[in-house]
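Encoded as structure tokens, the structure appears first; notes follow it.
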Amino acid sequence: MTQKIEVVTSVLKANDAIAAENRKRMEAAGILALNITSAPGSGKTTLLEKSLPLLGDPERCAVLVGDLQTTRDAERLCNAGVRAVQINTGRGCHLDATQVTKGLDSLDLESLDYVVIENVGNMVCPAGFDLGEHKRVVLLSTPEGEDKVAKYPTLFQPADVILLTKVDLAEILEFSPETAKSDLKQINTRAPFIEVSSKTGQGIDDWIDWLKAVRAGLYPA
Ligand code: MG
Ligand code: ZN
């Protein structure tokens, strides 16, 4: 029993060391790195498709997209003008730092300001793996229901910003942003909560402003 626990701990330690290297490499190039986690289908790719081109030159953004199979999400992002690298995890239900290292190897980091890592859609284990990001972005979508915040605290606790997506559907789904916010207060008081809709554009400006402010804070002019 003890042995098994030691193995798990050392895997996580090795991951953390590689993640720290990833972070250093990106900092040397002036990159803000983000790790986006959420349930499958909460609108990660759509949000990135709609919002990253608004950050300025889309060529200065790259997305590393984790999915079990297919290159569909990377293709969508390429069509939006950003650079995208698909990482297929096969059976793996989360990204780890080594996979991100390989993704970074395929990019010209000096030409980038933002690297967005779109994690595999999964509300549990991605939260346990540092990938070398500076900030964690967690999405909650209105079709999932407010109760996900209370049910998956380990996902929402480490969030630096929480985006409520598909907010245009809130009324029809009787989703209460107030309930989600009050549950969040119990576990995370520091992350801003931004209500967005990739369909109507609501809140996208606030999300873009947040990204720009965080990068400016990390690399003051
Ligand atoms: Mg996706
Ligand atoms: Zn996993």
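Points worth noting:
- Separation of the D108 and E174 label points, Cα + 7 Å toward Cβ, nm: 5.5
- Dipole-positive endmost among Y152, I194, P40 within the chain (Cβ charges, Cα centre): Y152
- Computed over neighbours whose Cβ is under 12 Å from that of K13, the net charge equals -3, Lys and Arg +1, Asp and Glu -1.
- DSSP-loop trypsin sites (Lys or Arg not before Pro) across segment 157-221, with at most 16 other Cβ within 10 angstrom: R190, K199
- What you get for segment 49-157, charging only the Cβ of Lys and Arg (+1) and of Asp and Glu (-1), is a dipole of about 280 debye around the Cα centre.
- Among the GluC sites (Glu not before Pro) in segment 35-109, none is located in a DSSP loop while being surrounded by at most 14 other Cβ atoms within 10 Å of its own Cβ.
- Under Stokes-Einstein, with the Kirkwood radius over Cα pairs as Rh, the value for segment 1-82 at 20 °C and 1.002 mPa s is 140 µm²/s.
- Candidates per trypsin sites (Lys or Arg not before Pro) in segment 85-165, loop by DSSP, up to 10 other Cβ within 10 Å: R91
- A full extension of the chain between T89 and D57 corresponds to an added length of 8.6 nm, given 0.36 nm per residue minus the alpha carbon distance.
- In this structure the amide hydrogen of V85, modeled in the peptide plane, comes within under 5 Å of the amide hydrogens of V63, L64, V65, none closer than 5 places in sequence on its chain.
- Two-site label geometry, E6 and T101: point separation in nm, points 7 Å out along Cα→Cβ: 2.4
Computed from the coordinates by the stated procedures, all read-outs in this text should not be read as laboratory data. All values reported here derive from a predicted model rather than from experimental measurement. Cβ coordinates were reconstructed from backbone atoms using ideal geometry, including for glycine residues, and neighbour counts include every protein chain displayed.
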